[in-house]
Each structure stands twice: as structure tokens, then as C-alpha cells.
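Q: If you scroll down you'll find the structure; I have some questions about it.
The values are calculated or read from the model by the stated rules, or taken from the named source; none is laboratory data. Source: prediction; values computed, not measured. A quick note on method: Cβ atoms are made from the backbone with ideal geometry, for glycine too, and the neighbour counts reach across all protein chains shown.
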Amino acid sequence: MLGLLSEKACCRDYHEGLLGLLADADSEVHDLILKEHQRLHETLQLGAAENRCSRAVLAALGSVIQNKTAEGFPGARFHGGCTVIDDVEKLAVVRAKKAFKAQYANVQPHSGTTANQIVISAVLDKGDKILSMALDQGGHYSHGSSNSFTGKFFNAESYYLDSKSFLLDYDFIRQRALEVRPKLIICGASVYPRTIDFAKFREIADEVGALLLADISHISGLVIAGAHPSPIDHAHFTTTSTYKSGGPRGGLILMGKEWHRKISVDGSEAELWQHIEHMTFPGMQGTPYLNNIAGKAVFFKETLSDEYRARQFKIVENAKSLADNLSGMGYDVVTGGTDNHMILINVVNFKEGLSGTAAQRCLEDCGIVVDRARLPYDAMPPELASGVRLGTHIVTRNGMGLKEMDSISELFNGVLKRVEVRGDVGYYLEESFREDKKRQVRDLCQKFPIH
């Protein structure tokens, strides 16, 4: 017992004070980290693709587990000394399955994009057809963009949103599926603020004999909590990143009741989970990031808490409030509102000549961080875009509620009303105005410090 206590103390001593050690070893990187921490404390983080993990997850990421090399899966590694990290990975898998109510979980993918690539490569032969949302409609490049690995090796066809409502048109998607006859349909999006009907997508996939992949990277936290319907038992595969929902950087592949289903790929018949694991290693990756897997285990435990689950509903409530406020101020909120954490705004329709890029930059000059967003049927070139994308993950995590959404709306509106457009990306704001807005933003943020 005394030996165990001594070892715990030794481990604690080893890991404590890491930032101080960094300051001594590399003051430049140390100071940049301090600047990033200060930026997060003093600006409104409204990026829809971002969240922040807990200090407990950060501790796992910065632990000695980072040093272990271990190709393969628990019980079948290519390296020795894997007893402990096998237990870490198995714990992460158990917790992921519990969080998502899944039958299978693969916690090794380095990112959500890698998770998509693993699934696609595991179940398709080169040149097979994929049907997915077009990139310029709100899809993701890993779903079949010609610029990505997926688009280079597989034949990707697209479905589109309704040109007036900007909503998913399931009758049209069914028609496209019947025309294309894909082997894989992908649902899920990077820029879509409304509920996705996974059951309807499965009906379409079954009708054309396709497998279904649901990428829920943006909404996975909402899915865990029940704030958005789950695809787990509708899709053959569900993928997600783990950071957008508040965990560490990384990806995740999940399967529901059909995880044992057998299919033949390139003449090799195996169960779905076996195809996935073989494509993970050695097909797509070598050693997984085991410190990230430890961080995932910590995060999946956090998602089982009442506090985490309640927060997901608060995220949606705050997003709806922010969307309603901005709509009432005269902004063109795409689809008229939101069902998740994301709000899309066509800024061109608010002020003539204003691009998404210019709006993003002038807002950030005033301490308000948003993403520029290319909107469906966008007439602007991609480097400009017509819109901006806002998200409520981080401000909600920091403790902000409906009252603060009112304040954020006023700050956002104040900047875009005042800005003078000068060319595609150029703009002018008086220095005194910028400084005043930055002060107002800083005062608001400091009432809700990172903890």
C-alpha cells in the first residue's frame, strides 16, 4: 500500500508544473500559449466548429501515455508493454458505447475526417459511387470533394438543398439515389442548422441497396443528450470528431445493432466491425494517439453526467435565442432559425457589398470571433462567401444564458451596422469604436471566465 501511495505521489510530482518546465525550456512557445489563453478570456468565441475540453482532459493529453507506441488493437498489439494502454483504450470504448448507446466503438481515428476515410475505404472498392451533400451546399470535403482523398479514389455524386428553403429535400435525395445507385450514402453536414431525419435517409439507402454513413461531428454532443435524434441504429456507421462536442482532438466510429452484419469488399467477406478495424490498422493509420484516447475516455465519462446533458439543451436554447434576436434586427438568418447550435447569416443581404470574409474580420477586430461561411447557392467566390456561421458551444460552456445572448446580439449588430465596406474584403471602423467594442466584449467575457 505504501508503495502504491509513493508511486501516485511520484506520478503527480512528475506531471505537475509542466507549464513552468516549458517556460524554462522554450519561453517563446510558453509565451504564445499564454497569449492564446488571454485571447480566449477576452474575446467571444462563437465559432460553430469549436468547443473547449475540461482541465481533466487536458491533463490526460499531457500525460506520459503520450510516449507509448502501440500499433493494432487491445490484445493484438505489435509492440510490448501494452497492458496499461490496452486498459485505457478498452475503458474509452466502453464509455463511448454507453454515451452514444452504441454496440461498437472505435476510438482510434485521429480525426473526424480520418474516421470518414476509414469507413469509406473499408466498405467501398476504388471507383464505387458515393452520394453525399454537395460541399458548396454545406457538406464536408471528406464526403467526396474532388480535392480530398475521398473524391480522388471514389466516384462521388451530390444531392442538394431546396433552393428556396435551404432545407433537406428528402424526395429529391431519394430521386438522386435512384439515379445514381450509390453503394454508400453519407448524411450529415458542416453548415446545416436544422434537424436531420436519419430514419428517412435509411429508408432511401435501403431502397437503393446502399450502406448509410452518418457524420454527426457538429451535433454529436446534442445526440448524446437527446437534444437531436440519434442515427446510431439507423445508419450502418456513425462518425464524429470528439472535440466539437467538448472533448480532445480526435475521431470516433460507432455502430448500432448491425455491427455484426457481413458484407463482401474486394472479394473479402467479414463483419462490418472487422472491415472497419482492418482499415483502421494497417489500412489507414499506424499508432493511435494514446494520450488522446485517454482524453477521450475522460470526456466520455463527462458526457454521462447530468450537467453535460443539460448543457446540450441549453446550447440549443441559446442558439435559438441568438437567431431570433438577429432576425428581429433585420438579419437574413438562413432557414429562418436553427434546431441545433449553429446560426447561419447572409450578411450580403444585410449590407450591400459586405462579404462573409469582411464581416468575419471586422467582428474579430472588435473581439467577436465567428466563421465565414459559404451558403447554399452562394454567388460569392469561396474565398469571400456571403455568410457567417455562429455557434453557441463555448459561450454556453462558459455559463452564458439568454440574457447574454441579448448582449451578444447587440454587440454583433453594433459592429456590422457601423462598418463601412471598402471593396471585397476591405472595411473601415473608427479606432475609438473598435476599442470601445473590444472593452464591452472583454467586460462581458470576464464575467464568465474559463474554468
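Q: So in the stretch 34-62, with the set limited to residues that are in a helix (DSSP H, G or I) and acidic (D, E), which one is surrounded by the most Cβ atoms within 10 Å (Cβ to Cβ)?
A: E42
Q: Do you know which residues across the stretch 213-235 are without any contact (Cβ under 8 Å) to a residue 40 or more places away in the chain, over 16 Å from the mean Cα position of the chain (by Cα) and surrounded by 24 or more Cβ atoms within 10 Å (Cβ to Cβ)?
A: none
Q: Identify the residue in the stretch 369-394 that is more than 20 Å from the chain's Cα centre (by Cα) and at negative phi and, among all such residues, is surrounded by the fewest Cβ atoms within 10 Å (Cβ to Cβ).
A: Residue satisfying both the conditions and the ranking: A379.
Q: Moving on. Please go through the stretch 164-199 and give me each residue that is part of a loop (DSSP other than H, G, I, E, B), within 24 Å of the chain's Cα centre (by Cα) and at negative phi, ordered by number.
A: Result: L167, D169, A189, S190, V191, Y192, P193, R194, T195, I196, D197.
Q: On the basis of being aliphatic (A, V, I, L, M), buried (at least 20 other Cβ atoms within 10 Å of the Cβ), under 22 Å from the mean Cα position of the chain (by Cα) and in a loop (DSSP other than H, G, I, E, B), does A102 make the cut?
A: yes
Each row is one residue, and each column tells you yes or no for (1) of a type outside the set (A, V, I, L, M, F, W, C); (2) free of Cβ contacts under 8 Å to residues at least 24 places away in the same chain.
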site	(1), (2)
S268	yes, yes
Q274	yes, yes
E277	yes, no
Q285	yes, no
S305	yes, yes
N318	yes, no
L322	no, no
L326	no, no
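Q: Name the single residue that is farthest from A115 (Cα to Cα) among those in the stretch 262-278 being crowded, with 20+ Cβ neighbours inside 10 Å and out of contact with any His (no Cβ under 8 Å at 6 or more places or on another chain).
A: If we take residues in the stretch 262-278 being crowded, with 20+ Cβ neighbours inside 10 Å and out of contact with any His (no Cβ under 8 Å at 6 or more places or on another chain), then H275 is farthest from A115 (Cα to Cα).
Q: Looking only at the stretch 12-53, which residues are more than 30 Å from I345 (Cα to Cα) and in contact (Cβ under 8 Å) with a residue 12 or more places away in the chain?
A: Y14, H15, L18, L19, I33
Q: From the list V415, V421, V388, V370, which residue is assigned by TED's automatic domain parsing to the domain that holds M342, free of Cβ contacts under 8 Å to residues at least 60 places away in the same chain, among the β-branched types (V, I, T) and in contact with a Gly (Cβ under 8 Å, 6 or more places away or on another chain)?
A: Result of the check over V415, V421, V388, V370: V388.
Q: In the stretch 63-99, what residues are over 27 Å from the mean Cα position of the chain (by Cα) and in a strand (DSSP E or B)?
A: Hits for the stretch 63-99 are A76, R77.
Q: Follow-up question, since we're still on this one. If a residue must be part of a loop (DSSP other than H, G, I, E, B) and among the acidic types (D, E), how many such residues does the stretch 338-395 contain?
A: Of the residues in that region, 4 qualify.
Q: Go through the stretch 23-32 and give me each residue that's exposed (fewer than 14 other Cβ atoms within 10 Å of the Cβ) and either part of a helix (DSSP H, G or I) or on the phi > 0 side of the Ramachandran plot (or both).
A: If the condition is that a residue be exposed (fewer than 14 other Cβ atoms within 10 Å of the Cβ) and either part of a helix (DSSP H, G or I) or on the phi > 0 side of the Ramachandran plot (or both), then D24, A25, S27, E28, V29, D31, L32 are the ones that fit.
Q: Just to be sure I understand, how many residues within the stretch 396-428 are in a strand (DSSP E or B) and out of contact with any helix residue (DSSP H, G or I) (no Cβ under 8 Å at 6 or more places or on another chain)?
A: The number of residues fulfilling the criteria is 2.
Q: Quickly run through the stretch 406-420 and pick out the residues that are among the β-branched types (V, I, T) and either under 16 Å from G391 (Cα atoms) or exposed (fewer than 13 other Cβ atoms within 10 Å of the Cβ) (or both).
A: I408
Q: Could you check how many residues of the stretch 204-219 are part of a strand (DSSP E or B) and not charged (D, E, K, R)?
A: So the count comes out to 4.
Q: What are the residues in the stretch 128-163 that are crowded, with 24+ Cβ neighbours inside 10 Å, aromatic (F, W, Y) and not in a strand (DSSP E or B), if any?
A: Those that are crowded, with 24+ Cβ neighbours inside 10 Å, aromatic (F, W, Y) and not in a strand (DSSP E or B): none in the stretch 128-163.
Q: Same structure again: So, in the stretch 172-212, exactly how many residues are crowded, with 19+ Cβ neighbours inside 10 Å, among the β-branched types (V, I, T) and under 17 Å from V316 (Cα atoms)?
A: The qualifying residues number 2.
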